[in-house]
Amino acid sequence: MDKGKKNELFKSYQQIAAEFSSCMNDYLYVYDIQSDTYYISEQATRRFSIPCNVFHNVLETHRQFVCEEDIELLIEDLQQLISGAKNEHNLRYRWIGLDGSLIWINCRGHIIQDADGKPFLMIGCINEIGKKQNADNISGLLKETALEEQLSHFPDLYNGFMLRIGIDDFKSINERLGVEYGDYVLREISSCIQNCLFANQYVYRLASDEFMILDVSGSTVADMKGLYHTIRSAVDQLVAQNQYEAIYTISGGIVACNDIVPLTYDEAMKLSEFSLSAAKYLGKNQVYIFHELDYTTFLRKRAIRRCLRKSVSNNFEGFELYFQPIISTLDETLYSAETLLRFRTPEGEFLSPIEFIPILEESGLIIPVGKWVMRNAVRICKDCQKYFPDFKISINLSYIQLLKSPVFADIMEALTEHQLTPGSLIVELTESGHLENNTAVHNVWKKLKNAGVQIAIDDFGTGYSNLQNIGDLRPHIVKVDRNFTVKSLRNEYERQLMIHIIHMVHSIGLRLVVEGIETTEELSQIVSLDPDYIQGYYYSKPCPQKEFYQKFITG
């Protein structure tokens, strides 16, 4: 076969590949080995970093769009094909996308020989093996790629809605009854959803235990809530029909399409994912309607969490300790100081503890941060005792620290490191229902008391079972919350309660701190009730270490 006929045959295969490519999701290619020319479906250039769909110098050109770690594997295989050592090509490796991402592909090909038995052409197909499937055989529904395509077919979505549905605690069904039963549940819930839909409402299977309903029928928010409750009732009936073999519920998140029209598909899906998560967070088996303010708050919390995590990794940069004095009512001398945590972002924003401390607790970062607090508080207490030998420092403990970290060992390590006597440390725990019947809390409390550390119940008067907690934990100090203090200053009934609390605390050998005293008048009234210590703005707001030293230690 002469060169002209070979070139004509290559063009014929190229034309056939081009015709078939228009009706395929995969990419066809023809490689003329002898002229070193390569053709691939034109749509591949819109997906991968391929210079053009027809190119020469094939082996070297592949280096431009094949993952660097995979290129030698590919060249070795191609060289075997070119030399005639093998006739079939079947290789999984990675191509580089237009956005620089790595995309797994499976490239298969077959060698066509010329009349002399030499490799002439390789024809084949490339498909993305990491690409999402278009349909789900378990539920019988189209999948997320079909949803994305469907959304693009509705240019005017302002009157539409997305309802994302998730099965609550689906993992436990698979664990207890097996994957086959879990698949059965998915099929039945899929059927429930489909039976509840009307015209212009479409349902798709998302990952794992989630479904998405796309409504373009002109429904209202009330209609979508009604649809959710209809589906939920159908699921309840399904559970009952199966004799409660598996008990499960569904949660739903509703997003109005006018909230997603300006967004990309991925951004829109994030809003729906947030809405479903919000429904589950509210207690599951209910529906949540997307609100921009809630989402903004969520994004801020996420940004703060990332900032806090980065700070912990960067030697706690941005964290700072503030101190508020606790004054003895006997002679108005400094008794101790409460250690308070503050945080400033790299941009200079000073975050409220009310905002960032719950995030520390939710993320578990309170454990390393709490350890940092106790070590520095103990060090500062030791420094202050050079001037005031009886000075004490108080730190707050989180329940996360108590339950999930060796907090007793951490405290004793900090005391030993700075050679501080245990009696110089006061550990505070906010009074709440967490204290009740909690063996872990009681064990830590007992160890600390036995070691000589002082124990304080904080915010007394704001929780419940106060007297029981005093009886069970037997603290050294009780701290009365400012809210209760203010009530006692304004109301005779509350004042009598305060008098009886102080008397009761003293009668069992404990000491009492009244928090939140801000004015001379407040101080005079409270001191007349004979508490042991006063803490509040009257003496000082919480202040940085340097300022605290100047005002109360070295000044």
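The values are calculated or read from the model by the stated rules, or taken from the named source; none is laboratory data. These numbers come from a predicted model, not from an experiment. Counting neighbours? That spans all protein chains shown, and the Cβs are built from the backbone with ideal geometry, glycine included. Ligands, DNA and RNA are stripped out before the accessible areas are found, and what is left, the full protein with its side chains, is counted by its heavy atoms. Shrake-Rupley method; radii C 1.70, N 1.55, O 1.52, S 1.80 Å.
Brief remarks follow.
- The set of residues in the stretch 324-365 being touching a Lys or Arg at 6+ places or on another chain (Cβ under 9 Å), of a type in the set (V, I, T) and farther than 24 Å from Q454 by Cα consists of I359 alone.
- So R164, is it among the basic types (K, R) and part of a helix (DSSP H, G or I): no
- Scanning the stretch 208-229 for residues that are modelled with pLDDT of 90 or more, among the hydroxyl-bearing types (S, T, Y) and closer than 11 Å to L163 by Cβ turns up just one, Y228.
- Filter result (of a type in the set (A, V, I, L, M, F, W, C) and open to solvent by less than 20 Å² (accessible area, probe 1.4 Å)) within the stretch 119-145: F120, L121, M122, I126, L141
- Pick from the stretch 59-74, criterion surrounded by 15 or more Cβ atoms within 10 Å (Cβ to Cβ) and in contact (Cβ under 8 Å) with a residue 12 or more places away in the chain, ranking: nearest to the chain's Cα centre (by Cα): C67
- Strands (runs of 3 or more DSSP E) wholly inside the stretch 435-517 containing at least 2 residues that are of a type outside the set (V, I, T), at pLDDT 85 or above and crowded, with 19+ Cβ neighbours inside 10 Å: 454-460, 511-515
- Options I380, I393, I411; residue that is within 27 Å of Y533 (Cα to Cα) and either open to solvent by 40 Å² or more (accessible area, probe 1.4 Å) or outside any helix (DSSP H, G or I) (or both): I393
- In the stretch 21-58, the residue that is surrounded by the most Cβ atoms within 10 Å (Cβ to Cβ) out of those that are in contact with a strand residue (DSSP E or B) (Cβ under 9 Å, 6 or more places away or on another chain) and at pLDDT below 90 is S21.
- Candidate set: the stretch 167-208, residues that are of a type in the set (S, T, N, Q) and in a helix (DSSP H, G or I); chosen: the one most open to solvent (accessible area, probe 1.4 Å): N195
- Single residue of the stretch 230-263 satisfying the filter (surrounded by 14 or more Cβ atoms within 10 Å (Cβ to Cβ) and among the acidic types (D, E)) that is modelled with the lowest pLDDT: D259
- Selected residue (criterion: nearest to E210 (Cα to Cα)) from residues of the stretch 249-270 that are over 24 Å from the mean Cα position of the chain (by Cα) and in a loop (DSSP other than H, G, I, E, B): V261
- Taking every residue in the stretch 533-553 that is open to solvent by less than 40 Å² (accessible area, probe 1.4 Å) and pairing it with any residue that is of a type in the set (S, T, Y), at least 6 positions away or on another chain, the pairs with Cβ-Cβ distances below 7 Å are Y533/S328; Y533/T329; Y533/Y335; I534/T329; P542/Y322; C543/Y322; P544/Y322; I553/Y387.
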